[in-house]
Amino acid sequence: MILGLETSCDETAAALVTEDGRIAASVVSSQAELHAPFGGVVPEIASRHHLENVVPVLRAALEEAGVSLEEVDRVAVTRGPGLIGALLVGLSAAKALAWARGLPLVPVDHLQGHVASLYLEPDPLEPPFVCLLASGGHTMLLEVRERGSFAVLGSTLDDAAGEAFDKGARLLGLGYPGGAAVDRLAREGDPEAHPFPVARVPGLDFSFSGLKTALLYAVREHGDDLPAADLAASYQRAIVTALTVRLREAQAQTGLERVAVVGGVAANSELRAALPDAAFAPLALCTDNAAMIASAARFAQPVPYPDYLGLDAYA
Ligand code: KG4
Ligand code: ZN
């Protein structure tokens, strides 16, 4: 039984996952509402709330799984990348738990965690595949040949796709966090109402900053004559097009047959519909959670007791 902890951003999460990839429990406590008045995550507020939430969330996960701490075989935790203060809460909690029982600890890279959301029951994906990782902090194309690693084929030169959704939502007056709100509003709009640019940067990289500026001007110019739903639908169409075009190019370049999409933006309904042949993690495992961190720990090197006490987080 692997106990996973994730505190890299504004979700405090704990999960229990078995060696063969069955989720015994996955508890996620989101702080989104606390950060909403500020229009984004405030790092110091996030750290403080992780500190308050980490033990209750851990208890809830153990209870949901019907497992006691004595039955845990190793502890997995997100070591980075993320907000440094937020990461340190999870890492310190994980060290304490592992140390108290003399267990090994598995430090997990958050991005490996997102990819490992595809390796869980009931429908675990088998490499090789090309993976689009699109979240609030990252947009990357990855070549995955085995479960413990990946090669980066391309990434964003400026904003992440989720960030483009969040900033777009703010410009459209939809509040924070915005991805799901844009997704909902776009369903009622015309995706061809306004032509937004799709950046063409060299190689397999992405760029979303120009698109964000284009929305700013579109809102200024057409805020009165175009319904917000039309702007949301057109803006979302541009992001989804940028993502799908590059994913297909990566597929052609690597010659890999299978494609997969992970990260918070993988929850987007238009993206899911635009890629009918792609593997997507279940919705609950797209946004940050600890089941994916425990899953990644199945394919990573554990650090033996007590060598991990000096481990540091990385932003
Ligand atoms: O993976 P995640 O939970 O956190 C990071 O590691 O960044 O991703 C969060 C991002 C946010 O930017 C959020 O707006 C976006 O995922 N997101 C969505 C949807 N649900 C969440 N973006 C588009 N459509 C959605 N339905
Ligand atoms: Zn994430």
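The residue pairs whose first member lies in region 286-312 and is touching a residue at least 24 places away in the same chain (Cβ under 8 Å), whose second member is in a loop (DSSP other than H, G, I, E, B) and hydroxyl-bearing (Ser, Thr, Tyr), and whose beta carbons are closer than 7 Å, counting only pairs six or more residues apart or on different chains, are Asp288/Ser8. Within region 32-58, residues that are touching a residue at least 24 places away in the same chain (Cβ under 8 Å) have Cβ atoms under 8 Å from residues that are part of a loop (DSSP other than H, G, I, E, B) and surrounded by fewer than 16 Cβ atoms within 10 Å (Cβ to Cβ) in these pairs: Ala36/Gly175; Gly39/Gly175, counting only partners at least 6 apart in sequence or on another chain.
Consider Val77 carefully, then state whether it is within 16 Å of ligand 2 (Cβ to nearest atom), within 18 Å of Ala15 (Cα to Cα) and open to solvent by 40 Å² or more (accessible area, probe 1.4 Å). For Val77, the condition - within 16 Å of ligand 2 (Cβ to nearest atom), within 18 Å of Ala15 (Cα to Cα) and open to solvent by 40 Å² or more (accessible area, probe 1.4 Å) - is not met.
When each of Leu204, Leu133 is tested for being away from ligand 1 (no atom under 15 Å from the Cβ) and either under 15 Å from Leu243 (Cα atoms) or not assigned by TED's automatic domain parsing to the domain that holds Ile239 (or both), the lone residue that passes is Leu204.
Let's see how each residue does on (1) touching an Asp or Glu at 6+ places or on another chain (Cβ under 7 Å); (2) surrounded by fewer than 16 Cβ atoms within 10 Å (Cβ to Cβ); (3) more than 20 Å from Gln301 (Cα to Cα); (4) not assigned by TED's automatic domain parsing to the domain that holds Ala266:
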{"site": "Ser26", "(1), (2), (3), (4)": "no, no, yes, yes"}
{"site": "Ala32", "(1), (2), (3), (4)": "yes, yes, yes, yes"}
{"site": "Arg59", "(1), (2), (3), (4)": "no, yes, yes, yes"}
{"site": "Leu62", "(1), (2), (3), (4)": "no, no, yes, yes"}
{"site": "Ala96", "(1), (2), (3), (4)": "no, yes, no, yes"}
{"site": "Leu111", "(1), (2), (3), (4)": "no, no, no, yes"}
{"site": "Gly137", "(1), (2), (3), (4)": "no, no, yes, no"}
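The residues of region 98-109 that are in contact with a Phe, Trp or Tyr (Cβ under 8 Å, 6 or more places away or on another chain), in a helix (DSSP H, G or I) and surrounded by fewer than 22 Cβ atoms within 10 Å (Cβ to Cβ) amount to a single one, Trp99. Look at region 215-240: where a residue is in contact (Cβ under 8 Å) with a residue 40 or more places away in the chain and a partner is surrounded by fewer than 15 Cβ atoms within 10 Å (Cβ to Cβ), sitting 6+ places away or on another chain with Cβ atoms under 6 Å, you get Ala229/Glu188. Filtering region 123-152 to residues that are more than 15 Å from ligand 2 (Cβ to nearest atom), under 20 Å from Pro282 (Cα atoms) and assigned to a loop (DSSP other than H, G, I, E, B) leaves Asp123, Pro124, Leu125, Glu126, Pro127, Pro128, Arg147. Just to be sure, is Tyr308 closer than 18 Å to Ser8 by Cβ and aromatic (Phe, Trp, Tyr)? Here the answer is yes, as Tyr308 does meet what is asked. Evaluated against (1) within 20 Å of Leu111 (Cβ to Cβ); (2) out of contact with any helix residue (DSSP H, G or I) (no Cβ under 8 Å at 6 or more places or on another chain), Asn53 falls short on exactly one condition, (1).
The values are calculated or read from the model by the stated rules, or taken from the named source; none is laboratory data. Not measured: the values here are computed from a predicted model. Backbone-built Cβ (ideal geometry, glycine too); neighbour counts: all protein chains shown. Quick note on the areas: whole protein, heavy atoms, side chains included, nothing else; ligands and nucleic acids left out. Shrake-Rupley method; radii C 1.70, N 1.55, O 1.52, S 1.80 Å.
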